[in-house]
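Since the structure comes first, as structure tokens, the remarks are kept for the end.
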Amino acid sequence: MTPSDPPAVTPARPWLLRPRQGVQPTTSTELFFDLVFIFTITQLSHYLIEHPDWRGAARTALLLALVWFVWIYTTWLTNWLQPDQGPVRAMLIGVTLGSLSLSAAIPQAFAQTGLLFAVVYVIVQVGRTVFALWAVQGSPWLVAGFQQSLPWIAGTSVLVVLGGLADGTARPAVWAAVIVIEVVGLAIGYPLPRRGRSRPERWMVEGGHLAERSAAFVLIALGESILVTGSTLTEHVDLMTFAAFLVAFAGSVALWWVYFARSASAATEVIAHAGERTGALSRVAFNFLHPMIVAGVIVTSAGDERLLREPGAPATTVAALFTLGGPALFLAGHAAYQTLLWRTLPTSRITAAVVLLALVPVCVGLGVPVAACATLALAVTVAVILTDRFRSLAGVR
């Protein structure tokens with residue numbers, strides 16, 4: 001036995017554990033769990049639309065991060081457990097209900113529903129981790145990993161509740177501290193006195209499954225952006241609004257193409273065959289980088305709503321940041337994801353993100369119509385797609 005091999009023991013409940021035989025398929029139970037997050041992304045988009053300022057953007061980011069912790073930690077758990085086994089399915093249904101309650105509390109999370117949001121968050125996070133400890137008994141490294149994380153999750157849960165009890169600016173400050181602690185704790189392996197750190201090479205991760213699940217969440221977010229544009233279009237249909245709808249729809253297709261046309265399947269292959277690097281790669285790629293990609297879709301969705309409501313109006317700073325900054329954030333997140341996996345700089349995405357951000361003050365200063373800003377964003381994203389295509393034909397990643 002090498003130092004990196006798990007101890008030879010028999011799991012207490014082997015039927016609850018996923019087999020380690022290639023990329024495991026996503027089950028219907030996992031897809032049912034994902035459905036709630038269509039509503040979640042809608043709530044976050046509407047929150048940003050209704051609070052179009054720096055404070056609203058920061059609070060939307062806080063809520064997205066907390067909701068992402070719920071989704072990604074549950075996804076990590078189903079990476080190890082069989083979602084269609086009775087106890088695991090029951091746990092997932094409970095987390096689904098909790099996630100739905102969290103989503104319902106989002107519009108007033110910094111007002112009267114803050115404590116509800118906090119209490120549900122704590123029940124989901126702590127309850128799922130306690131269930132995990134029960135389910136993986138007899139698998140020493142899995143047990144050790146959850147034992148390491150439980151005190152950290154319990155500690156941040158106390159802070160979440162304290163934030164829910166706080167008023168004014170204290171609540172977002174406390175919840176921001178929770179996010180920082182969660183990120184730092186995971187990054188350094190949840191260290192505990194006398195136990196040291198949890199080492200990512202021992203997490204027994206099936207990285208291909210995590211990659212496919214995270215790609216599915218990106219697809220959910222893109223689908224929600226189409227729902228926003230479609231529902232906005234139905235409120236007032238004329239020739240100009242329909243033309244704006246076509247631009248918004250094309251923008252969603254372009255973002256989908258950037259993520260899924262080639263790199264999604266290639267990324268799954270890289271992570272699935274990363275060996276001992278799988279845990280460390282997955283931690284950064286899915287816990288830290290994918291929320292940035294999803295945030296880009298949410299901001300773009302807010303921009304699409306603004307586009308359909310006032311396509312001919314001169315671009316304000318907010319409208320330009322939504323319309324151009326959303327795709328820039330998406331491309332920057334995807335660039336970081338590709339850099340992590342292939343250790344090369346995706347210059348087309350980085351250049352495109354810089355160009356989009358540079359266009360913000362130009363469009364605002366010249367009073368460019370919102371529709372023209374959206375068209376520029378679409379053109380830049382399509383340029384990334386064409387660059388990818390030419391590089392593919394040339395045999396370059």
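Quick notes
Rundown of residues vs (1) within 27 Å of residue 183 (Cα to Cα); (2) buried (at least 18 other Cβ atoms within 10 Å of the Cβ); (3) not acidic (Asp, Glu), yes/no style:
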{"position": "236", "(1), (2), (3)": "no, no, yes"}
{"position": "244", "(1), (2), (3)": "no, yes, yes"}
{"position": "247", "(1), (2), (3)": "no, yes, yes"}
{"position": "251", "(1), (2), (3)": "no, yes, yes"}
{"position": "256", "(1), (2), (3)": "no, yes, yes"}
{"position": "266", "(1), (2), (3)": "yes, no, yes"}
{"position": "278", "(1), (2), (3)": "yes, yes, yes"}
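- Unique match (being touching a residue at least 60 places away in the same chain (Cβ under 8 Å), in contact with a Pro (Cβ under 8 Å, 6 or more places away or on another chain) and not charged (D, E, K, R)) among 222, 227, 255: 255
- Flag if residue 110 is open to solvent by 10 Å² or more (accessible area, probe 1.4 Å), part of a loop (DSSP other than H, G, I, E, B) and either on the phi > 0 side of the Ramachandran plot or of a type outside the set (Asp, Glu) (or both): yes
- Residue selected from region 355-368 under the condition surrounded by 14 or more Cβ atoms within 10 Å (Cβ to Cβ) and touching a residue at least 12 places away in the same chain (Cβ under 8 Å), by the criterion farthest from the chain's Cα centre (by Cα): 368
- Remark: residue 341 falls outside the filter, which requires a residue to be assigned to a helix (DSSP H, G or I), touching a residue at least 24 places away in the same chain (Cβ under 8 Å), surrounded by fewer than 24 Cβ atoms within 10 Å (Cβ to Cβ) and out of contact with any Leu (no Cβ under 9 Å at 6 or more places or on another chain).
- The conditions of being touching a residue at least 24 places away in the same chain (Cβ under 8 Å), open to solvent by 10 Å² or more (accessible area, probe 1.4 Å) and in a helix (DSSP H, G or I) are not met by residue 143.
- Tabulated pairs, region 93-113, first farther than 16 Å from residue 123 by Cα, second aromatic (Phe, Trp, Tyr) and buried (at least 22 other Cβ atoms within 10 Å of the Cβ), C-beta under 8 angstrom, 6+ apart or interchain: 106/47; 106/117; 107/47; 109/117
- Test result for residue 161, within 30 Å of residue 11 (Cβ to Cβ) and touching a helix residue (DSSP H, G or I) at 6+ places or on another chain (Cβ under 9 Å): no
- Members of region 311-338 that are among the small types (Gly, Ala, Ser) and touching a residue at least 60 places away in the same chain (Cβ under 8 Å): 312
The values are calculated or read from the model by the stated rules, or taken from the named source; none is laboratory data. Given the structure is predicted, the values throughout are model-derived calculations rather than measurements. When we count neighbours, we look across all protein chains shown, and the Cβ atoms used for this are built from the backbone with ideal geometry, even at glycine. Accessible surface areas use protein heavy atoms only, side chains included; no ligands, DNA or RNA. Shrake-Rupley method; radii C 1.70, N 1.55, O 1.52, S 1.80 Å.
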